[in-house]
1. Among (1) surrounded by 14 or more Cβ atoms within 10 Å (Cβ to Cβ); (2) in contact with a helix residue (DSSP H, G or I) (Cβ under 7 Å, 6 or more places away or on another chain), which single condition is Q375 missing?
2. On the given criteria, is F184 assigned to a strand (DSSP E or B) and of a type in the set (F, W, Y)?
3. When the residues of segment 908-962 are narrowed to those that are among the hydrophobic types (A, V, I, L, M, F, W, C) and under 23 Å from the mean Cα position of the chain (by Cα), which ends up surrounded by the fewest Cβ atoms within 10 Å (Cβ to Cβ)?
4. So, in segment 100-136, exactly how many residues are in contact (Cβ under 8 Å) with a residue 24 or more places away in the chain and either of a type in the set (K, R) or crowded, with 18+ Cβ neighbours inside 10 Å (or both)?
5. Suppose we keep only residues that are surrounded by 17 or more Cβ atoms within 10 Å (Cβ to Cβ) and assigned to a loop (DSSP other than H, G, I, E, B) within segment 748-762. Which one would you say is modelled with the highest pLDDT?
6. Can you list the strands (runs of 3 or more DSSP E) found entirely within segment 188-287 that contain at least 1 residues being without any contact (Cβ under 8 Å) to a residue 60 or more places away in the chain?
7. Restrict the check to segment 1073-1080 and report whether at least one residue is closer than 30 Å to L769 by Cα, under 39 Å from the mean Cα position of the chain (by Cα) and either modelled with pLDDT under 85 or small (G, A, S) (or both).
8. Only one of these is within 34 Å of the chain's Cα centre (by Cα) and not aromatic (F, W, Y): R68, R81, R38. Name it.
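The values are calculated or read from the model by the stated rules, or taken from the named source; none is laboratory data. From a predicted model like this one, the values you see are computed outputs, not experimental measurements. Neighbour counts are summed over all protein chains in view; Cβ atoms, including those assigned to glycine, are modelled from backbone coordinates with ideal geometry.
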Amino acid sequence: MPECLPLLLALLLLQLPIVVPAHSFIINVGIAVGEVGRCSEMGDAHRGHQLFANKLATDEGAMQVVDRDGTRHRILFNYTRYDDECDQQKHEALLNRLINQDNVHFLFGSTPVFAQSESEMANDAQRLIYHCCVGPDVLYEQDMKYVFGIQTSNKKYSLDSLKSMALAGNVKRLYIFSLEDNIFTSSTCKAGHEYATGVLSQLAPDFEVVKYRKYTTEEASADPNFFVGLVDQAINAKADAILGCDFKDPGVEVTKLLADREYYLKALWLTVAPAHEDYVPMLGIEASENALTAGQWHPAMGYADAYFGTTADYNAEFEQAFGSQPSYVAAGATATSYSLAVAIQEAFQLCSFPESDFSANELLYDESIVKCEDQLGRPLPGNGYDSIRNSLSRQQLTTFFGEVEFNRYRRNVAKAAATTQVHSGVIEAVLPLEFSNKALVMPIPKPITDAPDSGPEKVGSLQEEAFIVVVVVVVGSVLLVCLSGLTFLWWHKHQRSMQNTHLVISPDDLKIIHLPVRRWDGITYESGKAIYRNALVSLDPLTEVRLSGWDKGMASGVLARRRTRTSDMGEDFLTDGCSMKSKRTVTIAIGPADIQGDIIPFFGHPPSETPPHQLAHSLPASTPKVVQFKPVSKDAIDLSMSGQDLEDPHSPLGNGGDIEQGIAGSNGGDIMQGEAEDLPCSAPSLFSGKTASSAQEPIGTDNLTKTLTKSQVLKLLWRSKHLQHPNIVPAIGVVWSLPPLAPSIPVLVRECQELGSLTEVMENKTMELDAVKQTDIAKDIAQALAYLHAQENPRLKPVLQPYLSSVMLNRYSRAKLCVPLPSLEDVLVSKGAAIPCCGEPKEDLHAAKKKPDCGELDECVHDNLLGPVRDEELEDVLKFGEGLAYMLTIEPDTSTSEKSEAPARIKRSHSQFFVKGSSLCHLQFKEIQAVYGHGLASLLAQCCATEKHDRPSFTQIFSQLEAMAPEIIHMATQAHQEEGISRPPSFAKKPAVDELLYELFPSQVADALKSGRHPDPEPYSEVSLFFSDVCGYTNICSSLQPPQVMDMLHRLYSRFDALAQELCLFKVETVGDAYLCVPHG
């Protein structure tokens, strides 16, 4: 019976399902590196690469390529290492063996000693070599396209330490020694020497370099007492600090010689040696204490990634594998391997592979094996190896080692180096301060020496030392108080002077193109334009603030007039999807009196298809004096607002009271009617992001402005000017008075954005916002708001304006956000200067009011994605969701064409109008879901959640938009194709204004120019060109009259043009008798 058990087990195993990846990419990687002599620290590089290769082979650390078809292919590294014993000739021979015999696909760089030669060999063989431990810029600036490096530049290694020596360490005499036949050591000390003799000599005139000793490896090896003489030379020069650029063994020897001679230094900075794990054990704690070095990595730096976790996690994993703590060399090597694997993973995401097995060589070098396309479905040229190299070139990756992003020379420029110092036998990070875990010790404390004990002398009842301490403390305290007061006064005066110099702009310095123009509402302005210092700028009146000292009587001309009328209502009046019953009285502001054209502003919810900047144009040409809205009943309701005793808590008009029918103007007159049942989805408010229900007082200048001094305006502007982000419109300065504007309204000067505001572009019929642009705009706005709400000093109030009206577009159709100054008012409050307000802030009804249910709809979103997020950010999230939904569902004017009823005009007489738990219209949700995908629709529903703490943060919004961008573009493109929009523009019917554009340029170029984009170059593998000339044209011209020649050419080219159009050809040009045309691409 026992002999049958193996057979039974085999049969049982045959019944179990086995899951095997479709294919495994076995990539050959290799390195030639020793760990003796000058290469002693490089043993950790081998262990770092080995750690990643081993983890990649485990189930826990498996990485896979998911191709375009969703098939998974596992990545494995076949890692080979040869020991070159730190010998140049042997290293080159082993590297040649890796390339030609072992067929290694990717090489890892070794020590900086051999960096130049191995980079040249790899580049000549067209093998990508990735350096973990080479920092010199000289190597990368040779622009060898197969050479990459993960380290930051070594030229910055010593700069922070030198600055501390000169400015804080009281160092006067600096001694520098450098190994010159190595790129790393020579360039590091050369940069330090230039910085010390240049910048620092000006900042600290007493600081000087007493000696810059340069030597070669041959010189140091030939003399056994070479470093003894070097240390004696530094002592004889009376140096109080040493900067040394060499490797581990020389650094250890110099430190030991200084300790043996008991020579006191205020600072000792060495490359490589103090960072090595053997440095302290070899010298002892006392001799190695406070030694400085610069490293690429330290466990206290606080980086993390999804693969290894935090730096502490990597530290524990390395120690478990090899029994020792990893150095920055080991961490850099592991990060290099991880970065390469991620590049391979991302290179083939948009590729398809054959079902049959294929080797790694075929994957990398055979173009017929892999078929890759971009997101628009266009084939990508090159083989798999080129795809990996290009993927690595554009990589932006966060690892436990730090940020990885390459410049045009393919060296990492995103990572910052760390200055470390030995503290009680432990290497600690001390500079820069943002990731230091210990304070820098400089100057090094002098050793304590024993002195003969003599009895302490006394002054009165105090010992002499105690008396001196008391006197110094008292006098010092008085002087410190006086100095602090004088310093504060000087600083305050200097700050005001500096702000005036940098921020206040004279009108004489502006070359006005056109002045700001007051909009229909009588309060806001359309931006003006001017030239300031040869740059185009925008002029934006700050209507939200008023300068103190301005005569308030001047505001009487803009106070609203109110008319109140009363009537009974027998039926419900539907507003915002809710009903209002019985008799009500409402008051609404109908001024200001000085509005040009007597256009009556609408303070409430304008139709979502009519944004604020066009609402005035939607009124009849004959200016209405009364505006009426009909309820569901046949009896018309005249609305005027009085805000005294509104009772309906759900009404957008107030919190209770009576509704009186009609909005009365100053003189009565015409009536404009609209059906209440046709009112649009709930739209953002025109002013301050509030609904009309929050305006219980007449709306006039005093309700919309804050009174500030010029000093307070400058403080707000100074803070705004320092908000640096690529998606924020930079503030340049302020003009206190710009005739003919009111003297109380300062004018903000900002960088001009060429395409203007987003709301204007959305209504521009000649400017198309396709899915790519809309996605980029949404991501730009989310990035800007994530940055703004991450500010701590001060914390910003809500920034976003309704309808995204504060969003501007530059010439590349990228969004930039204008930051209103009142959102920065914590700058003043935090310093005790509260901003006077005309009224208490009103309750945010978006957070308090419950929207009607949408029934049991699957699309309703209730998932809480957030931890604690500030209320200010959540308010902006709501405006972002409403504004983005408006942008995605807005339709052009339908007055001249027959269209189906727009989503924004859907009747709202049923509670299903809103998505459950959200203020997003249900039909808006459906349209966005159909055109852009369920992911974006769900995200907007979350942004518009009625419970504010259910809304996501802008960081989460940006991450989700980034992830779903391909789906949005794909869905939108597919939806447009189904509607016939994707038909080739050259054959589509175009307006007359476009005919000239399409005659001058090919259709692809004309489409790009029309939508505001720069045309992209397109490669063609085969091109056909048609040239023709009239034979004997010169003789014909000499024998015929000019009209006859013109008639001949006209008849000939008319035939050619007809044939070109019939055969889909594009006529490039005609020159005399020459005719040139090409086929459409």
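1. Going through the list (1) surrounded by 14 or more Cβ atoms within 10 Å (Cβ to Cβ); (2) in contact with a helix residue (DSSP H, G or I) (Cβ under 7 Å, 6 or more places away or on another chain), Q375 breaks only (1).
2. Numbers: assigned to a strand (DSSP E or B): no; of a type in the set (F, W, Y): yes.
For F184, the condition - assigned to a strand (DSSP E or B) and of a type in the set (F, W, Y) - is not met.
3. Within segment 908-962, the subset among the hydrophobic types (A, V, I, L, M, F, W, C) is 913-915, 920-921, 923, 925, 928, 930-931, 936-937, 939-941, 943-945, 954, 957-958, 961.
The next check asks that each one be under 23 Å from the mean Cα position of the chain (by Cα); those that pass are 936, 939-940, 943, 954, 957-958, 961.
Working: L936: 26, L939: 24, L940: 27, C943: 28, F954: 26, I957: 27, F958: 20, L961: 22.
Checking each candidate, the answer is F958.
4. 25
5. C752
6. Values: elements: 208-215, 241-245, 267-270.
It comes to 208-215, 267-270.
7. Checking segment 1073-1080: at least one residue is closer than 30 Å to L769 by Cα, under 39 Å from the mean Cα position of the chain (by Cα) and either modelled with pLDDT under 85 or small (G, A, S) (or both).
8. Details: R81 fails: within 34 Å of the chain's Cα centre (by Cα); R38 fails: within 34 Å of the chain's Cα centre (by Cα).
That would be R68, the only listed residue that is within 34 Å of the chain's Cα centre (by Cα) and not aromatic (F, W, Y).
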